[in-house]
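Taking it in order: structure first as structure tokens, then the write-up.
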Amino acid sequence: MSALIEFQGFNKFFGEQQVLEQIDLQVQAGEVVVILGPSGCGKSTLLRCLNGLEQAHSGSLRLDGKELLAPGTDWRQVRQRVGMVFQSYHLFGHMSVLDNLLLGPLKVQKRERGEAQAQAEALLARVGLLDKRDVFPRQLSGGQQQRIAIVRSLCMNPEVMLFDEVTAALDPEMVKEVLQVIQGLAREGMTLLIVTHEMAFARAVADRIVFMEAGRILEQNPPERFFTQPQSARAQQFLEKFSFVESLPKTLHKELS
Amino acid sequence: MSFDTAFMLSTLPAFLKAVGVTLQVGLLAIFTSLLVAVANAAILVFRTPYLWRLVKGYVELARNTPLLIQLFFVYFALPSLGVKISGFGAAIITMTFMGGAYLTEVLRAGVEAVPRAQLESGRSIGLSEGQLLRHVILPQASILSLPALFATFVFLLKETTVVSAVAVPEILYTTKNYIALYYKTYEMLAVLTLLCVLIFLPLSLLLRYLERRLQHGQYGV
Ligand SMILES: Nc1ncnc2c1ncn2[C@@H]1O[C@H](COP(=O)(O)OP(=O)(O)OP(=O)(O)O)[C@@H](O)[C@H]1O
Ligand SMILES: [Mg+2]
């Protein structure tokens with residue numbers, strides 16, 4: 001089976017600085033890949049390239065076998081298939097929650113209002129926020145806004161979702177409500193690329209951990225193996241910083257389930 | 001010194017008319033300035049080649065020369081180039097020239113104040129650049145620039161007094177006329193001050209109210 005997403009010899013520069021170097025990464029449909037690595041190693045950039053928010057320098061990036069770096073790629077089309085959720089939610093502040101959710105389906109996908117709204121409401125109910133349908137983002141907590149942002153992406157019926165440190169801006173007590181939503185998507189078999197600093201969550205949700213450092217992928221392994229026997233010295237050092245990593249997983253794993 | 005209230009009252013009809021002229025010049029100039037500003041701001045925001053520099057130059061020129069001199073240029077210099085122009089026409093042209101420049105800056109700043117993240121967020125759900133402009137940038141930019149926009153409106157309305165210099169019968173011109181004719185300097189200045197307070201103070205209060213609404217309102221960005 002060929003991969004749904006495939007980076008090959010992928011390079012990205014910001015000016016002189018190379019931020020992604022010879023990236024080789026394949027993601028199968030339905031797979032949950034968690035990308036870990038120290039700050040500034042290029043995790044966000046990797047996700048943003050997949051969404052066309054950054055332009056690649058060279059190499060190959062295929063979605064469903066189709067080369068995205070070829071000229072003439074319709075990124076608007078790609079973005080409907082690959083949803084992205086950001087660290088600081090970025091909901092549209094001048095619109096109600098419902099309008100936030102419907103903007104894409106109505107304007108980009110030209111869907112019928114009744115059908116799109118029914119889907120939006122169903123998804124809102126699923127993340128427990130149906131009663132917030134008509135309020136404005138600034139009236140919501142960070143965790144609520146982030147769940148809405150996830151729903152906004154889901155309303156486009158994407159095949160893949162990219163999560164870039166979506167809990168990093170949240171107070172601890174709101175982290176769980178967001179992670180539960182993501183874990184739900186993982187269980188349903190959606191293809192997910194997740195950047196996070198929540199180690200316990202990474203271990204619980206990932207099919208595979210990708211460890212990056214300074215723009216390169218240093219290792220890719222199943223979570224149990226990565227967390228118990230990291231191959232590279234850099235990964236070991238990285239994990240040592242999260243010293244609680246040994247004690248947490250079991251309990252949090254249960255809590256999240 | 002005696003204060004001639006009877007005289008003051010007798011000038012009231014003339015002053016009411018003058019207020020009308022002030023509002024007429026002010027509102028018309030605000031409207032035409034906005035038209036100029038929207039076009040110019042679009043050129044700046046999209047960095048339309050060449051035109052962009054032209055607009056920049058215009059904004060600097062118009063904002064860094066006194067309105068009175070601009071007015072004299074239009075009123076006295078244009079006729080010598082063969083363009084005949086009334087005081088009212090010169091007033092509107094000049095006020096638009098200056099107001100357009102100030103409002104251009106206000107609108108440009110509003111668009112630039114929309115966080116980049118909002119644009120990326122819009123792009124990430126597949127919005128086209130046009131849809132982004134229409135559904136995200138313009139609504140947010142208008143909210144963000146509303147306070148500055150209203151402040152500039154009030155500023156322009158106040159600046160209309162300058163056009164008394166080319167015999168447009170607005171409030172200051174009318175005041176000067178009465179003073180010249182009847183030497184009732186204090187009475188007329190009192191009326192003028194009162195009118196200014198009556199016109200501009202409510203506007204300023206409205207302005208402050210709007211700002212507060214926007215800062216604490218649910219629509220803020
Ligand atoms: N727009 C940009 N212009 C120039 N350099 C950039 C830009 N965005 C990111 N970089 C640089 O690229 C490198 C990778 O950044 P990136 O944001 O992908 O890292 P990250 O792994 O997501 O880090 P973090 O964990 O802090 O979010 C960093 O060195 C950063 O300084
Ligand atoms: Mg990042």
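Where Lys and Arg each count +1 and Asp and Glu each count -1, what net charge lies around A:Ser39 among other residues with Cβ under 12 Å from its Cβ?
Numbers: positive: A:Lys43, A:Lys241; negative: A:Glu165, A:Glu213.
Computed value for this residue: 0.
Quick one: longest stretch of chain B between exposed loop trypsin sites (Lys or Arg not before Pro), exposed meaning at most 13 other C-beta atoms within 10 Å and loop per DSSP? If you can, show how the numbers build up before the last one.
Values: sites that count: B:Arg47, B:Lys84.
In chain B, the maximal stretch lacking such sites is B:85-221.
Would you mind telling me which residue in B:Leu189, B:Leu156, B:Leu44 has the biggest mean-square fluctuation in a Gaussian network model of chain B, where springs connect alpha carbons within a distance under 10 angstrom?
B:Leu189
Where does the range B:124-221 land on Rg/Rh, using Cα atoms and the Kirkwood Rh? Present the calculation step by step, with values, prior to reporting the outcome.
On the way: Rg = 20.8 Å, Rh = 16.7 Å.
Using only Cα positions, Rg/Rh for the range B:124-221 is 1.25.
Restricting things to alpha carbons, tell me how big chain A is in terms of Rg and Dmax, in Å.
18.2, 55
How high is the relative contact order of chain B? Use alpha-carbon pairs under 8 Å, at least six apart in sequence, and give a whole percent.
Values: 212 pairs, mean separation 63.0, N = 221.
Contact order relative to length: 28 percent.
Of chain B, which part is the longest with no chymotrypsin sites (Phe, Trp or Tyr not before Pro) in a loop (DSSP not H, G, I, E, B) and with at most 15 other C-beta atoms within 10 angstrom?
Values: sites that count: B:Phe3, B:Phe46, B:Tyr50, B:Tyr183, B:Tyr219.
Free of exposed loop sites, the longest segment is B:51-182.
Mind jotting down a quarter of the surface of the convex hull over the alpha carbons of the range A:116-186, in square nanometres, one decimal?
Values: hull surface 19.0 nm².
About 4.7 nm², averaged over all directions.
Taking other Cβ within 10 Å of each residue's Cβ, how do A:Thr196, B:Thr11 sort, fewest first?
Numbers: A:Thr196 23, B:Thr11 19.
Lowest count first: B:Thr11, A:Thr196.
With the crude spin-label approximation of a point 7 Å out along Cα→Cβ, what separation in nm comes out for B:Arg213 versus B:Ala117?
2.8
So, in nm, how far is label B:Tyr183 from label A:Gln229 when the simple model puts each one 7 Å beyond its Cα toward the Cβ?
It is 11.1 nm.
What is the helix-to-structure angle for B:171-182, meaning the angle in degrees between its Cα long axis and the longest Cα principal axis of chain B, kept from 0 to 90 and rounded to the nearest 10?
It works out to around 10 degrees.
log₁₀ I(q)/I(0) of the range A:1-132 at q = 0.16, 0.18, 0.23 Å⁻¹, via Debye over equal Cα point scatterers, no solvent, to two decimals?
Scattering profile of the range A:1-132, log10 relative to I(0): -0.97, -1.11, -1.37.
Can you list the GluC sites (Glu not before Pro) in the range A:1-103 that are in a DSSP coil and have 16 or fewer other beta carbons within 10 angstrom? Walk me through the intermediate numbers first.
Details: sites: A:Glu6, A:Glu16, A:Glu21, A:Glu31, A:Glu54, A:Glu67; in loops: A:Glu16, A:Glu31, A:Glu54.
Answer in residue order: A:Glu16.
Which whole number of Å³ per residue matches the convex hull of the alpha-carbon atoms in chain B?
Hull volume over Cα atoms, normalised by residue count, gives 146 Å³.
Just to confirm the number: angle between the C-alpha axis of helix B:12-45 and the first principal axis of chain B, 0 to 90 degrees, nearest 10?
Taking the Cα atoms of chain B, the angle to B:12-45 is about 20 degrees.
Once you place label points 7 Å from the Cα toward the Cβ at A:Glu112 and A:Arg126, how far apart are they in nm?
2.1
log₁₀ I(q)/I(0) of the protein assembly as shown at q = 0.08, 0.12, 0.13 Å⁻¹, via Debye over equal Cα point scatterers, no solvent, to two decimals?
Results for the protein assembly as shown at q = 0.08, 0.12, 0.13 Å⁻¹ read -0.65, -1.04, -1.16.
Which number do you get for Rg(Cα) / (2.2 N^0.38 Å) in the range B:152-199? Present the calculation step by step, with values, prior to reporting the outcome.
Details: Rg = 11.1 Å, N = 48, 2.2 N^0.38 = 9.6 Å.
In units of the globular-protein estimate, the range B:152-199 measures up at 1.16.
R0 = 60 Å: FRET efficiency of B:Tyr50 with B:Phe7, Cβ-based, nearest 0.05? Present the calculation step by step, with values, prior to reporting the outcome.
Working: r = 59 Å, r/R0 = 0.98.
Efficiency, rounded to the nearest 0.05: 0.55.
What angle do you read, to the nearest 10 degrees and between 0 and 90, between the alpha-carbon axis of helix B:87-113 and the longest principal axis of chain B?
30
Do any of B:Lys56/B:Lys158; A:Lys66/A:Lys176; A:Lys66/A:Lys132; A:Lys43/A:Lys66; B:Lys17/B:Lys158; A:Lys107/A:Lys176 go past 28 Å between their Cα atoms, and which? Please list the in-between numbers first.
Values: B:Lys56/B:Lys158 25 Å; A:Lys66/A:Lys176 36 Å; A:Lys66/A:Lys132 39 Å; A:Lys43/A:Lys66 23 Å; B:Lys17/B:Lys158 17 Å; A:Lys107/A:Lys176 32 Å.
The pairs that break the limit, which is 28 Å between Cα atoms, are A:Lys66/A:Lys176; A:Lys66/A:Lys132; A:Lys107/A:Lys176.
Would you please state the base-10 log of I(q)/I(0) at q = 0.11, 0.12, 0.22 1/Å for the range B:24-147, with intensities from the Debye formula using one equal scatterer on every alpha carbon?
-0.46, -0.54, -1.23
Only the coordinates and a few stated rules stand behind these numbers; no lab work does. Computed from a predicted structure; not experimentally measured. Note that we place each Cβ from the backbone using ideal geometry, even for glycine, and neighbour counts take in every protein chain shown.
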